[in-house]
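Here it is: the structure, laid out below.
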Amino acid sequence: MNILLTGGAGYIGSHTAVVLMQEGHEVIIFDNFSNSKRSVLNRLEKITGKLIVCIDGDIRNRSLVKQTLQYYKIDAVLHFAGLKAVGESSEDPLAYYDNNVAGTISLLMAMKSCSVKILIFSSSATVYGVPHYLPIDEKHPTDPESPYGKTKLQIEQILSDLAKSDSSWRIFALRYFNPVGAHESGLIGEDPNGTPNNLMPYISQVAYGILDKLKIYGNDYDTPDGTGVRDYIHVMDLAEGHLAALDYVGNHNEAFSVMNLGTGNGCSVLELVNLYEYEASKKIPYEISARRTGDIAACYANPEMAFLKMGWKSKKTLREMCFDSWRWASTSLQKHKD
Ligand code: NAD
Ligand code: UFG
């Protein structure tokens, strides 16, 4: 298939590009590089041994998207492009609604006019909000707190309405839990700008000596060791999940579905720190600090639907997630020290 990856130069998109190309698909990346670097393209070529086609553009540029869909005879779109910083979305909600919601509407209009009707959308577990029960299945009520989370839910609602209006669409919204880890080559991985907000890249920067110590946001939660529990999933497993989703939408008559992509296992902050220390053979100094506003005690997936429908389940262990994060950190972080 000819597959367009919006946001394909970013963290999850670049790993998915590798998996798709290795399966023999033609991948066309469409990215405005607002949160990624062009150097990822050379790295993808090194990993796959293939030339990467990349369009430098914004999904809100509808005529460029249309031209791209037509010129490359695109069969399906994997839509990763979006802004994703929870805190920033409260400071500048308009930027999030414009980029994520208006950007998606523009993309959908371009797709509709070119009769490209297969779409896999990057949604998030954040659409569930505060868990009413665990593990979280797809029937769990949705009630996101941040503007970022609201953009994801609004997009899901738009996609659902679109599919109701025209049952020839094949749309999958994948609700990711906490993606971590990196490709085994150590050539691509998560490379956040500035000080990381998320746990794993923060730990990596402490392990590499760029940051002094980790702040653990609260050890008085109602969890086994008091620290926050999340469902960390290896980014390569997530990438495989997209391949399974593409296969599924091509073979079933469902116009719109949502699905969790998680492991089903909860891991606490302290457990992750201990595993990382072991895998990297590095001490991770930490201090316990106050809870972070908006954080929840625990969040992990019921991943059964993905297995029942698509035969997909995560394979990689937390140790592999830590090891691969460290391997990537130790090859990529030198520039932060310089
Ligand atoms: P990322 O920031 O690394 O990648 C997103 C890519 O989209 C970047 O390369 C960025 O330059 C590009 N982009 C952003 N806006 C664009 C626009 N208007 N036009 C063209 N390109 C644009 O993020 P990621 O971690 O790879 O996440 C991919 C998707 O998955 C996002 O939609 C995100 O919200 C979602 N998601 C991520 C996580 C996570 O923890 N990483 C969890 C759940 C959902
Ligand atoms: N944490 C710390 N110290 C840090 C960073 C995080 O103790 O420096 C803790 C948090 O309190 C939480 C856990 O580590 O208990 C995980 O925090 P992350 O920031 O890594 O991840 P979140 O679960 O808060 O959120 C992430 C993404 C969201 C996404 C959600 C579900 O940031 O965009 O996963 O996919 F919606």
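Tell me the Kirkwood radius of the range 161-266: reciprocal of the mean inverse pair distance over distinct alpha-carbon atoms, in Å.
16.7
Considering only Gly226, Ile158, Asn193, whose Cα is most displaced toward the positive end of the charge dipole of the range 152-280, charges sitting on Cβ of Lys, Arg (+1) and Asp, Glu (-1)?
Of Gly226, Ile158, Asn193, it is Ile158.
With only Lys, Arg, Asp and Glu charged, each at its Cβ (+1 for the first two, -1 for the last two), find how big the charge dipole of the range 205-287 is about the Cα centre; round to the nearest 20 debye.
In total the dipole reaches around 300 debye.
Give the angle, between 0 and 90 degrees and rounded to the nearest 10, that separates the Cα long axis of helix 269-280 from the longest principal axis of the Cα atoms of the chain.
It is inclined by approximately 90 degrees.
Averaged per residue, what accessible surface does the chain expose to a 1.4 Å probe, in Å²?
44
Using alpha carbons only, how many angstrom separate the centre of the range 282-338 from the centre of the range 88-143?
22
Can you give the angle from 0 to 90° between the axis of helix 11-22 and the longest principal axis of the chain, with both taken from C-alpha atoms, to the nearest 10?
For helix 11-22, the angle is close to 60 degrees.
Another question about this same structure. Starting from the Cα of Met109, step 7 Å along the direction of its Cβ; do the same at Gln67; then give the gap between the two resulting points in nm.
1.8
Using a cut-off of 18 Å between alpha-carbon atoms, which aspartates and glutamates can reach Lys164, once sequence neighbours fewer than 8 places away in the same chain are excluded?
Once the sequence-local aspartates and glutamates are set aside, what remains near Lys164 is Glu156, Glu254.
Shifting gears a bit: Setting aside same-chain residues fewer than 8 positions from Lys215, which lysines have a Cα under 21 Å from its Cα?
Within the straight-line limit of under 21 Å, Lys215 reaches these lysines: Lys282, Lys283, Lys337.
Now for a different question. Longer than 19 Å from Cα to Cα, which of Lys73/Lys112; Lys84/Lys152; Lys112/Lys309 are they? Say none if no pair is.
Over 19 Å apart, Cα to Cα: Lys112/Lys309.
Which net charge results when you count Lys and Arg as +1 and Asp and Glu as -1 among the other residues whose beta-carbon is under 12 Å from that of Ala125?
Local charge sum for Ala125: 0.
What is the percent carbon and sulfur in the accessible area of the chain, measuring with a 1.4 Å probe over the protein chains and ignoring ligands?
48
Quote the charge dipole size of the chain about the Cα centre in Debye, to the nearest 20; the model charges only the Cβ of Lys and Arg (+1) and of Asp and Glu (-1).
680
Calculate the dipole size of the range 103-171 relative to its Cα centre from +1 charges on Lys and Arg beta carbons and -1 charges on Asp and Glu beta carbons; express the result in debye to the nearest 20.
For this selection, approximately 280 debye.
What Kirkwood radius, in Å to one decimal, follows from the Cα pairs of the chain?
20.3
Which order do peptides 80-93, 285-298 fall in by mean Cβ count within 10 Å, highest first?
Order by mean packing, descending: 80-93, 285-298.
The values are calculated or read from the model by the stated rules, or taken from the named source; none is laboratory data. Worth saying up front: this structure is predicted, and the values here are computed from it rather than measured. No Cβ is skipped: glycine too gets one built from the backbone with ideal geometry, and neighbour counts run over all protein chains shown. For accessibility, only protein heavy atoms count, side chains too; no ligands or nucleic acids. Shrake-Rupley method; radii C 1.70, N 1.55, O 1.52, S 1.80 Å.
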